[in-house]
Amino acid sequence: MKAAIVAIASLAALTALALLAPQWLVFMAMLALAKGVVVLGLLVLMRTGLVSFGQGLYFGIGAYTAALLSHHLHVADAAVMLLAGAAAAGLMAALLGLLLAGYRDIFFAMLSLAFSMILYGVLVKSAALGSTDGFNLHARTFFGVALAPGVERRVFLIAGAVCAVVVALLAHRLLGGHWGRLSTGVRDNELRVAYLGASPYRVVYVNYLIAGAMAGLGGALAALAVGHVDPEMTYWTTSGEFVFIAILGGTQSILAPFVAASIFEALRTIASQYAPNVWQMSLGLAMLAIIMFLPAGLWTLAERRRRSA
Amino acid sequence: MRASSSFGLRAGLAAFALLLAVPASLAQQPLKVGIVTFLSGPAAGPFGVPARNAAELTAELLNAGTVPAPYSQKGFGGTPIELVIIDEAGGPQKQVAEYRNLVPRVDIVIGYISSGDCLAIAPVAEEQKKLTVLFDCGTPRIFEDASYKYVFRTGPTGTMDNVSVALYLVERNPNVKSIAGLNQNYAWGQDSWADFENAMKTLKPGIEVKTSQMPKLFAGQFGAEITTLLGSGAEVIHSSMWGGDLEGLVLQGAPRGLFEKHKVVLSAGEPAINRLGTRIPDGTILGARGPFGPFAPDTDLARWLKTTYQDRYHIPPNYASFKMTQAILGVKAAYEKAKGSSNEAPDQDKIIAAFENLTFEGPGGPVKMALGKGHQAIMDAAVGTTKVEAGELKIVDIARYSADKVNPPDGVKSEVWIKSGLKK
C-alpha cells in the first residue's frame, strides 16, 4: 500500500518535471533514471552478497541494441528500442549467468569485469560500428505515435519514469517476499540455504538475470536520452560508476539507487561547472566522506531521521 | 514521505535553472563563450591544456584590442568576451550532459577534441539551436553523414593529414614499394591508417602493405610491434600516434634503429616536438594536422600568436593552440561580418549566415568554410622533415599543398574520394 503511494507520487513528480523543467534538467533526470534502473539491478544482485564490476556489459548491450535497431534496421520506435534493449541484455545474462552463478566473491567480480571488457574490445575493433567514436541514433515515434521535435525527450522521460516505477515495484515485491529472504540467506550462509532445500545457484542465477535485463533497459534509456552510443558505455569505469552509485545510496531501499543516481549526476555537474580542473577529485572526496561517515550509504540519513522522529 | 528528498533536490535544481536562464541582454554585458577542452586525462597534456591556454590568451588580448589586423577591434565587434571553461574528460555521455548544462549559460560554444564527443554533440547542438564550433576533432563523418545548421568546424578534417603525407612521401621517394603501419587501435588510429593506406594505393597502384600493427590505445610499450616492423622489410612506416604513445614509440624505436632502417611518417607528430626535441631522429616526416606550429606561414597573426604565447607560457604554441585561436578568430570574423556597421548585436541566425562559406585569416593562414554546405573548414596542408641543427630540432624541406588538392570536393565522402583517385 505504502509502496503504491510512493510509486504514484514519484510518477506524478517525474511527469511534472518532464512537462515543466528546462531541457537540460529533463536530460539529467533521464540519465539519473537510466542509471538508477541499472543500480537497482545491481542492488538485487547485492542481496546475494555479490558485486558485479561488469554491469557495463549489459548497459552497453542495451544501448547498442537500441542504436543498431535505429541505424541498421531503421526501426525508430522508442518503445521497441527499450524492450529490445532489455531483452537482448537479458538473453546474454541468461547465457553468461550459467557460468557466473557458480562463482562467488572476487572471482565473480573479476569474471563479470572480464566479460564486459571483452565486449569493449570487440566494439573498439569494429570500424563498421564507428569504433571508439560510436554512432548516433534517432527515435522518432513512441508506440507508433510520431514525436514532434523538441518534445521527444520529455516523452522519453515520462516513458523512463513509467519503466523505472514498474521495475522498482517489481523489485520491491521480489525482495520484500520469500525470494528476498532467500537471497539474504545465500549471502549470509549459503551452505545452510542448501541444507534447507533451496538452490543457491538458482537464486544467484535468477538475480543475475534480473540485474542484466535491468542494466539493458537502463542502457536503452540512456541511449535514447543521449542520442549517441560509444564503447565507453561498456568500459570498466562505467561499471565502476554503477557500484559507486550503489554505495552512495546504500542497499537498504528500493528508492536509494534513484536518489543516489540523481545526487551523483547533480554532484558531477556542479563539480564540472565550478571546479573544472578538479571535478574528479571532488567526486572522490565525496566518496571518501560517505565511506567514512555513512558506511551504509546516504540512506542511513533517512533511516536515522525516521528513527528519531 | 520517502520520495520527498529526491523531489526536493529536483525542485531545487529547477529553481537554480530558472535563475541561470535569465537572459543576459543588458548593454555591454560580455558575450559568453563556452570552451570545452581536455583539462584532465591523457589528451590534456598534448592538446587540451595548450588549447585552453590559447583560448585564455586570445580572449584576453582580443578584449585588450592588441591582436593584429584584421582582428584589432576589441572583443567581438566591440563587445568584450568572457570564457566559461569546462573539462572534456569523461566520455560522450557525460559531455552531452555537460553540454546541455552549458547551453543556457553561454552565447556560443567552442570546443571538443575527441571525435566521439563531436559526433555526440553535433545533433544535440542542432536540437538546442546553439551556435557550436568544433575546433579540433578530425573525423570527416560529422558533415559527411549529416548536415547541420548550428554546427561549424574551423579545423580541417583528418583526411588531408594523411593525403598530404602520402603526396609528400611519393614526391620524395617515387619508387616506394612497400608500407607498414603502427597505429593506436581506436577510431582515430584506424581511420588514419585507412586513409593513408588508400591514398598510397591510389598514388602507387600495386604498393605492398607489409603489416598493420594496431596496439591498444595508451599501451605505452611497443617492443613486440617494433620487432615485427623491423622484420617486415617495409620501406615506410606510418603512425598517427600522439601523446604518451608517440613518445613511447620514438624513445623505444630510435635506439633499435627503427628510424634508420625505415622512413617513418608521423602524421600527427608535431605536438611531440616540444617534449622530445632532438630525440626525434633526423629524416622523420612530420605532419601537424594543418599549417600550424612550425609549419605556420610567416604572417603577422602567426608571429603574434607565437611570441605572446611563448612569453606567457614559456613554450611554443602547438597545433591545438593554433586551432583554438583559429576557432575564436573565426567566430569573431563571422560575428563582425554579421554586425556590419550597425550598433546592435547580431542575432544568432545572422552570425550563422555570415559564417557559412566564410573565408577568414587564421594564425595558420587562410581558412575556407568550403565543405559540409559551408560549415566545414579546409586549409592548406604542410608536411616537413626533421633535422637536428646546432643542437636544435628544425623542420626542413617543408612542402605546402593547396587546400583543394588535399580535400575532397563538397558532397563527396573522403573515403570514396581517396579510393577513386584524389580527383578534384
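I'd like the mean, over residues of A:123-133, of how many other protein chain beta carbons sit within 10 Å of each residue's own Cβ.
For peptide A:123-133, the averaged partner shielding equals 6.
Along the positive direction of the dipole of the protein assembly as shown (beta-carbon charges: Lys, Arg +1; Asp, Glu -1; about the Cα centre), which of A:L50, A:M30, B:G362 reaches farthest?
Of the options given, the answer is A:L50.
How big is the antiparallel share of DSSP beta bridges in chain B, given as a percent to the nearest 5?
Around 35 percent of the beta bridges assigned by DSSP in chain B are antiparallel ones.
Say we join alpha carbon atoms closer than 10 Å with springs in a Gaussian network model of chain A; which of A:A29, A:A12, A:A78 then has the biggest fluctuation?
A:A12
What does the highest-first list of B:53-65, B:303-315 look like by mean Cβ count within 10 Å?
Values: B:53-65: 19.2, B:303-315: 15.6.
Ranked by mean Cβ neighbours within 10 Å, highest first: B:53-65, B:303-315.
Near A:K2, which aspartates and glutamates are there with a Cα under 19 Å away, not counting those fewer than 8 places off in the same chain?
In chain and number order, the partners are A:E303.
With every protein chain in place, what's the accessible area of B:D145 (1.4 Å probe, Å², nearest 10)?
Only protein atoms counted, so the area is about 90 Å².
Roughly what % of DSSP beta bridges within the protein assembly as shown run antiparallel, to the nearest 5?
Antiparallel bridges make up about 40 percent of those DSSP assigns within the protein assembly as shown.
Quick one: if you take sqrt(5λ) for each eigenvalue of the C-alpha gyration tensor of the stretch B:31-80, what semi-axes come out, biggest first, whole angstrom? Before the final figure, lay out each step's value.
On the way: eigenvalues 131, 25, 8 Å².
The equivalent ellipsoid of the stretch B:31-80 has semi-axes of 26, 11, 6 Å.
If you bin every alpha carbon distance in chain B into 10 Å steps from zero, what whole percent lands in each bin?
All Cα pairs considered, the percentages come to 5, 22, 31, 24, 12, 5, 1, 0.
Restricting to DSSP H runs of at least four residues, report the calculated mean residue ellipticity at 222 nm for chain B, -39500 (n - 2.57) per run over all residues, nearest 500 deg cm²/dmol. Spell out each step's value before the answer.
Values: 16 runs with 177 residues, N = 424.
Result for chain B, helices only: -12500 deg cm²/dmol.
Rg and Dmax of the stretch B:193-310, using alpha carbons, in Å: what are they?
15.8, 49
Net charge around B:E144, counting only other residues with Cβ within less than 9 Å of its Cβ (Lys, Arg = +1; Asp, Glu = -1)?
Neighbourhood net charge equals 0.
If you average the C-alpha positions of the stretch B:169-221 and of the stretch A:7-51 separately, how far apart do those two centres end up, in angstrom?
Computed from Cα coordinates, the inter-centre distance equals 46 Å.
Mind checking B:114-123 for the average number of partner chain beta-carbons within 10 Å of each residue's beta-carbon?
Rounded to a whole number, the mean comes out at 5.
Counting only protein heavy atoms and a 1.4 Å probe, tell me what percentage of chain A's accessible area is made up of carbon and sulfur.
Details: 9260 of 12880 Å².
On chain A, the fraction of accessible area on carbon and sulfur atoms equals 72 percent.
Restricting everything to alpha-carbon atoms, can you work out Rg to Rh for the stretch B:106-157 with a Kirkwood hydrodynamic radius?
Details: Rg = 9.7 Å, Rh = 10.7 Å.
That ratio equals 0.91.
If you fit an axis through the alpha-carbon atoms of helix B:223-232 and take the longest principal axis of the Cα set of chain B, what angle between them do you get, 0 to 90°, nearest 10?
Between the helix axis and the principal axis of chain B, the angle is about 50 degrees.
Does anyone have the angle between helix B:300-313 and the longest principal axis of chain B? Alpha-carbon axes, 0 to 90°, nearest 10?
80 degrees
Just how far, in whole angstrom, is the stretch A:82-140 from the stretch B:43-108 if you go by their alpha carbon centroids?
Cα centroid of the stretch B:43-108 versus Cα centroid of the stretch A:82-140: 37 Å apart.
Any cysteines in the protein assembly as shown with zero other Cys Cβ atoms under 4.7 Å from their Cβ? List them, or say none.
A:C163, each lacking another Cys Cβ under 4.7 Å.
To the nearest 20 debye, what charge dipole does the protein assembly as shown have about its Cα centre, counting +1 at the Cβ of each Lys and Arg and -1 at the Cβ of each Asp and Glu?
Dipole about the Cα centre, nearest 20: 1680 debye.
Using just the C-alpha positions of the stretch B:347-415 as equal point scatterers, what log10 of I(q)/I(0) does the Debye formula give at each q in 0.26, 0.28 1/Å?
-1.12, -1.19
For the full complex of protein chains and a 1.4 angstrom probe, list A:M281, A:M81, B:M214 by accessible area with the highest value first.
So, going from the largest accessible area down, we get A:M281, B:M214, A:M81.
Once you order the gyration tensor axes a ≥ b ≥ c over the Cα atoms, which shape class does the stretch A:176-309 get: rounded for a/c under 1.5, otherwise prolate or oblate by comparing a/b with b/c? Numbers along the way, then the final one.
Values: a/c = 2.36, a/b = 1.41, b/c = 1.67.
Oblate shape, in that a/c is at least 1.5 and b/c is the bigger or equal ratio.
Which of the peptides A:34-42, B:233-241, B:410-418 is most tightly packed, and how do the rest follow, judged by the mean count of other Cβ atoms within 10 Å per residue?
A:34-42, B:233-241, B:410-418
When all alpha-carbon pairs of the stretch A:2-232 are counted, what percent fall beyond 26 Å?
39 percent
What accessible area per residue, rounded to a whole number of Å², is obtained for chain B using a probe radius of 1.4 Å?
Solvent-accessible surface per residue comes out at 36 Å².
Please give the direction-averaged projected area of the C-alpha convex hull for the stretch A:131-220, in square nanometres with one decimal.
8.9 nm²
Cα atoms only, the protein assembly as shown: Rg and Dmax in Å?
27.1, 88
Given axes a ≥ b ≥ c from the Cα gyration tensor, I'd like to know whether the stretch B:122-281 is rounded (a/c under 1.5), prolate (a/b larger than b/c) or oblate.
prolate
Normalized C-alpha radius of gyration of the stretch B:40-151, against 2.2 N^0.38 Å?
1.12
Where the only charges are on Cβ atoms (+1 Lys, Arg; -1 Asp, Glu), what is the dipole of the stretch A:2-232 about its Cα centre, to the nearest 20 debye?
With Lys and Arg at +1 and Asp and Glu at -1, about 560 debye.
Mind grabbing the accessible area of B:D380 for me, 1.4 Å probe, Å², rounded to tens?
60 Å²
With a/c under 1.5 counting as rounded, go ahead and sort the stretch A:226-291 into rounded, prolate or oblate using the C-alpha gyration tensor (a ≥ b ≥ c being the square roots of the eigenvalues; past the cut-off, prolate if a/b is larger than b/c, else oblate).
Values: a/c = 1.62, a/b = 1.07, b/c = 1.51.
Oblate, since a/c reaches 1.5 and b/c is not below a/b.
What is the angle, in °, between the Cα long axis of helix B:159-172 and the longest principal axis of the Cα atoms in chain B? Nearest 10 is fine, range 0 to 90.
On a 0 to 90 degree scale, this one is about 30.
Among A:G284, A:G240, A:G134, which one shows the biggest mean-square fluctuation in a GNM of chain A, springs joining Cα atoms closer than 10 Å?
Result: A:G284 has the largest fluctuation of those listed.
Can you tell me the Rg and Dmax of the stretch A:115-183, counting just the alpha carbons, in angstroms?
Final numbers for Rg and Dmax: 18.8, 48 Å.
State the percent of C-alpha pairs, over all pairs in the stretch B:272-367, separated by a distance greater than 16 angstrom.
62 percent
Between their Cα atoms, which of B:K201/B:K413; B:K94/B:K350; B:K373/B:K405; B:K94/B:K129; B:K368/B:K394 are more than 26 Å away from each other?
B:K94/B:K350; B:K368/B:K394
What is the distance in Å between the Cα centres of the stretch B:363-402 and the stretch B:241-261?
Here the two parts' Cα centres lie 23 Å apart.
The values are calculated or read from the model by the stated rules, or taken from the named source; none is laboratory data. Bear in mind the structure is a predicted one, so any value in this text is a computation, not a measurement. Methodologically, a virtual Cβ is constructed for each residue, glycine included, from the backbone with ideal geometry; neighbour enumeration extends over all protein chains shown. In case anyone asks, the SASA skips ligands and DNA or RNA and just uses the protein heavy atoms, side chains included. Shrake-Rupley method; radii C 1.70, N 1.55, O 1.52, S 1.80 Å.
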